[in-house]
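What follows is a single structure, written as structure tokens, with notes after it.
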Amino acid sequence: MGYHCVVLVKQVPDTKRITGQAMNEDGTVNRAALPAIFNPEDLNALEMALDIKDTHGGSVTVVSMGLPAAADILRDALYRGADRAVLITDRRCAASDTLATSYILSCAVRRLEPDIVLCGRQAIDGDTAQVGPQTAEKLGLPQLTYVEQIQKLDGQTLVARRNLGNGWQEVKTTLPALLTVVDSANEPRVPRALRLMKYKSAKCRIEIEAMAKDAPSIDVEAVYAALESKGLLIHQWDLDYLEADLRWCGRDGSPTKVHRIQSVVLTAKESKAVEPTQQGIEAMVHELIEDHTIG
Amino acid sequence: MGNFYRDNDDIQFLFRHLDLAPIAAYAEEGFKYAGRFDTAPKDAQEAITNYDMVLDALGQLSADFIAPRSESIDREGCTLNPDGTVSYPKGIAESLNALAKADVMGFTLPHRFGGLNFPNLIYSIAIEIVSRADASLMNIFGLQGIADTINFFADEDIKQQYLPSFASGKVTGAMVLTEPDAGSDLQAVKLRAFQDDDGNWYLHGVKRFITNGCGEVLLVLARSEPDRSGGLGLSLFVCDRGPTVKVRRLEDKLGIHGSPTCELYFDNTPCRLIGERQRGLVTYVMSLMNGARIGIAAQSMGIAEAAWRIARDYAASREQFGGPIEKLPAVRDMVIDMKMRIEAGRALLYETSRVVDFEVGLNKIAENPDSDPAVAKEAKQSLRKIKRLAAMLTPMSKYYCSEMCNTVTYDAIQVLGGSGYMRDYASERLARDARITTIYEGTTQLQIVAAVRGVCGGTVEKYLEELAAHEYAESVKDLLAILAEGTQTLKECIAFVKEQGVDYMDLVGRPLVDIAIALINGYLFCDQASSKVAFETATAESGDAATPKKVPMAQRKLMMARRYIIRNAAQIRGLADLIKSGDKSTFREYEVLAGAVPELG
């Protein structure tokens, strides 16, 4: 039987290319200073969902909450094999912390009625690893975090292997369930050429409206209808469509406040040279055992 | 995350500099497929966007997925199992699966079979990118000409049977041509093709040195006319791998360990005829080989690029005599010359691929019954000239790029010194992989035989005239004068050689072709130096990693053009002296100079 997988994805600043301008003075991330990329572990989650589809059939829907620019990663997901993409974009989502984000995402997931919800373990910008578990809580779904492999999937239940860092755990759950996926799970596939050629024209409403602003001859409704008929529409949902309670969204729904930003500079206070010889290494290992760092 | 397409400034520059719009229009036959297929572009701009996006995805796959597997592929090699099947090394099997999932196994096949319908030029770029990641993988990824041959020449039902499976990567193929007694001389092929009373064809005999002979679909050259010797007794057949096709042996090779080289025994294997009888070698295999030669040239580019990058890095980081070794004049020279040869090879390969795309495009127009008669007539006329040019440039590219690749990979080991000879670095593997490129799909010597006909037959002179008539920037005027002088020298050499006869032409074929290539590449460099494309490339001059110092590519290409043309002008004079010496001692004194045949251990 097929499964409907919903994958929650996030567009994040590429923290590998961080520079001095990465943070704003108010403690929020300066997104303009960094290239935006597909959050790496969300790609692992997408790969796991596509693998489920390849093996068992079904479909994959990707959902992202973010600025209109996040449509880029949704297109990327379509290139890789997702069947449907949903962008939740609404000015009232701005400044949402993990709690508010989880609430909004849970409203969207509920509408999609998935069998399995997958997300990356954590995003490389906040590194909280909270959104997956909180979304599961709000949906009342069992949550399996740190999933590395799905070992069994038989319609009613799922067995997954969790990577706990110092060991593995096999967990069985009923469906539907939410999984957060780690980067050791798989190697994400690259975009498919035939899908690139097709889905490069996929757009959401706000992008069509932006095109029309530059070229007034464009009829937004006509373009929208044409894309919809070709299956090239990225669905765009706002908080009204989700019938979300605004008290739980955006700044109002976010108890997290940045208290202070500190620039941490790591400096070596004490260093010791180890000779690159067998004796040197043995001496170092001995010392580490002595002070109980290892062993 | 790496990307072998995006991280290569020369490819990025050429992608923008070369006029891709006409070849896109030819490939898409005037964009008539737009609307009929989801994937067909509506105009040149969209086609070029498609090329860029697909190469980007392939560049990412090559860097992140394939390249990390290349070392284990080389160590593991292929295995012939007791049941006669062949197992690829794990890394090849995984990479092929990834390439199939990326929809890139039908690069040039038409939309209707699930192919990308991309031009040969874009395919050449793709082969270079994949070969840089793993040279042996190219021997499967880069053999899509097998499917093209079916597409060009086979009946519709054979196309329907095989092409969708090629495009989706479900099957791979092999060109089954060589036999123990028919290597370079394919006219000597003996493998027998015969018919039963119902007219069904079967194959019987042995083939040797068959790249990917364990593939699912085999294109087999066989003698269908038992009474007829030579090429006209041969036809081309297609068959499936099955119990009557046995892999008898896997060769133990110097390099490209991921590519299985098989000896095959056909025991009355059922097969189907491609196209018409007797045209197997003279038409179909010639077409197939021309595509494969361009493929090997592109493979050579990828191997050379990989080796150069290792050497460039090492020259900057290895310290001797109190500083990085790139401060030493001899090392500096090697590093720049390697890069110069790579860029020259790329220029020649892309130009050749572009000309082949014109040939394929014009052919489609000329042969399409729906074409406007006037347009078809014009296409036919242009086609004659283009065919001659493609027939000269193809062996030139194969020759130049494969020899260049051997020089560059050897020099890379030299830059790395003792470390380069050790298996800790990829340079030794790349040199081993490089070695086959001047041999298979026609040896260097055979490429020269093919190319020298174009050099002495007037094609090169017309082409050089055309190149000289292009518009160039003021800054290359002095270089154009040197090239004009070189062209004059070439003409004198050709006139001299013609007086000496055909034997002498083959004897001095290599220096003649070398002069011609040096002049063609010189013009191509001048064209790049005249580029109006605004593209900047990083220099090694200080600046931090985030903001390296950059120069406009056209300015850098001017420096490269100057170095290439001035250095080659001296070479051309020397080669001309050799040609005009009329020295025929090779014929006259061989027995004495080579001496008696030694007895081998």
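Taking GluC sites (Glu not before Pro) as exposed when DSSP calls them loop and at most 13 other C-beta atoms lie within 10 angstrom, chain A has its longest site-free stretch at A:26-242. Put a plus charge on the Cβ of each Lys and Arg, a minus charge on the Cβ of each Asp and Glu, and nothing anywhere else: the dipole of region A:1-145 about its Cα centre is then about 280 debye.
Scaled to the globular estimate 2.2 N^0.38 Å, the Cα spread of chain A, given as radius of gyration, is 1.16.
Neighbour counting of Cβ atoms within 10 Å sorts the residues B:SER124, B:SER419, B:SER229, fewest neighbours leading, into B:SER229, B:SER419, B:SER124. The loop-placed trypsin sites (Lys or Arg not before Pro) in region B:26-70, going by DSSP, that have at most 13 neighbouring Cβ atoms within 10 Å of their Cβ come out as B:LYS32, B:ARG36, B:LYS42. When the charge dipole of region B:463-592 is built from unit charges on Cβ atoms (+1 for Lys and Arg, -1 for Asp and Glu) and taken about the Cα centre, the candidate among B:MET560, B:ILE517, B:PHE535 whose Cα reaches farthest toward its positive end is B:PHE535. The angle between the Cα long axis of helix A:71-80 and the main principal axis of chain A comes to about 80°, on a 0 to 90 degree scale.
Calculated FRET efficiency, B:VAL502 to B:SER287, Cβ-Cβ distance, R0 = 45 Å: about 0.95 to the nearest 0.05. In terms of its alpha-carbon gyration tensor, chain B comes out rounded; the largest-to-smallest axis ratio a/c stays below the 1.5 threshold.
Applying a threshold of 30 Å to the alpha-carbon distances of B:LYS385/B:LYS498; A:LYS10/A:LYS213; B:LYS253/B:LYS580; A:LYS203/B:LYS364 flags B:LYS253/B:LYS580; A:LYS203/B:LYS364 as lying beyond it. When you filter the GluC sites (Glu not before Pro) in region B:516-601 for DSSP loop state and at most 12 other Cβ atoms inside 10 Å of their Cβ, you are left with B:GLU541, B:GLU589, B:GLU599. When DSSP beta bridges are restricted to pairs lying wholly in chain B, around 85% turn out antiparallel.
Can you flag which of A:LYS16/B:LYS532; B:LYS170/B:LYS246; A:LYS16/A:LYS152; A:LYS53/A:LYS230; B:LYS101/B:LYS159; B:LYS380/B:LYS462 are past 29 Å Cα-Cα? Please report the intermediate quantities before stating the final value.
On the way: A:LYS16/B:LYS532 34 Å; B:LYS170/B:LYS246 21 Å; A:LYS16/A:LYS152 35 Å; A:LYS53/A:LYS230 22 Å; B:LYS101/B:LYS159 22 Å; B:LYS380/B:LYS462 19 Å.
Listed pairs above 29 Å: A:LYS16/B:LYS532; A:LYS16/A:LYS152.
Other residues within the sphere of radius under 10 Å centred on the Cβ of B:TYR523, judged by their own Cβ, net out at -3 (K and R +1, D and E -1). Note on A:THR55 and B:GLU492: with the Förster distance fixed at 45 Å, the Cβ-Cβ geometry gives a FRET efficiency of about 0.05. The fewest-to-most ranking of A:HIS259, B:HIS17, B:HIS204 by surrounding Cβ atoms within 10 Å reads A:HIS259, B:HIS204, B:HIS17. Take every DSSP beta bridge with both residues inside chain A and express the antiparallel ones as a percent of the total, to the nearest 5. Of those bridges, close to 35 percent are antiparallel. The simple spin-label model puts a point 7 Å past each Cα toward its Cβ; for B:LYS32 and B:MET53 those points are separated by 2.5 nm. The slack in the chain from B:THR79 to B:ASP227, taken as 0.36 nm per residue of separation less the alpha-carbon distance, amounts to 49.4 nm. Any idea which of A:ALA202, B:MET422, B:VAL476 is furthest toward the positive side of the dipole for the protein assembly as shown, if Lys and Arg beta-carbons carry +1 and Asp and Glu beta-carbons -1? Comparing the listed Cα positions along the dipole, B:VAL476 ranks first.
Mean residue ellipticity at 222 nm, helices only, chain A: -9500 deg cm²/dmol; runs of at least 4 DSSP H residues each add -39,500 (n - 2.57), and the sum is divided by the number of residues. Computed from label points 7 Å out along Cα-Cβ, the spacing between B:ARG588 and B:MET422 is 5.3 nm. Label positions at A:THR157 and A:VAL265, each projected 7 Å from the Cα along the C-beta direction, are separated by 5.7 nm.
Charge dipole (Cα centre; +1 on Lys/Arg Cβ, -1 on Asp/Glu Cβ; no other charges) of region A:105-202 amounts to roughly 440 debye. Restricting the chymotrypsin sites (Phe, Trp or Tyr not before Pro) of region A:203-295 to loop positions (DSSP other than H, G, I, E, B) with no more than 16 neighbouring Cβ atoms within 10 Å leaves A:TYR241. Between B:GLU471 and B:LYS380, the FRET efficiency estimated from the beta carbon spacing at R0 = 30 angstrom works out to 0.55. Computed extension gain for A:THR293 through A:LYS172, at 0.36 nm per residue and net of the alpha carbon distance, reaches 40.0 nm.
For chain B, the dipole from Cβ point charges (+1 on Lys and Arg, -1 on Asp and Glu) about the Cα centre works out to 460 debye, to the nearest 20. Shape class for the protein assembly as shown, computed from the alpha carbon gyration tensor (a ≥ b ≥ c): prolate, with a/c not under 1.5 and a/b above b/c. Using only Cα atoms, find the angle between the long axis of helix B:444-456 and the longest principal axis of chain B, and express it within 0 to 90 degrees, rounded to the nearest 10. Its long axis makes an angle of about 70 degrees. Taking 0.36 nm per residue of separation and subtracting the Cα-Cα distance, full extension of the segment from B:ARG318 to B:ALA570 would add 87.5 nm. Net charge in the neighbourhood of B:MET338 (other residues with Cβ under 14 Å of its Cβ; Lys, Arg +1, Asp, Glu -1) is -1.
Taking Lys and Arg as +1 and Asp and Glu as -1, the other residues whose beta-carbon sits under 11 Å from that of B:LEU490 total -3.
Just from its helices, what would the mean residue ellipticity at 222 nm be for chain B, if runs of 4 or more DSSP H residues each count -39500 (n - 2.57) and the sum is divided by every residue, rounded to the nearest 500 deg cm²/dmol?
Working: 22 runs with 331 residues, N = 601.
Calculated mean residue ellipticity at 222 nm is -18000 deg cm²/dmol.
Between helix B:553-580 and chain B there is an angle of about 80 degrees, using the helix long axis and the longest principal axis of the Cα atoms. Panel order for A:LYS203, B:LYS387, A:LYS269, by other beta carbons found within 10 Å of each beta carbon, from fewest to most: A:LYS269, B:LYS387, A:LYS203. Considering only beta bridges that DSSP places wholly inside the protein assembly as shown, some 60 percent are antiparallel.
Rule-based calculations on the coordinates, nothing more; no lab input. On a predicted model such as this, the values are computed, not experimentally measured, just so you know. Neighbour counts run over all protein chains shown; Cβ positions are idealised from the backbone, glycine included.
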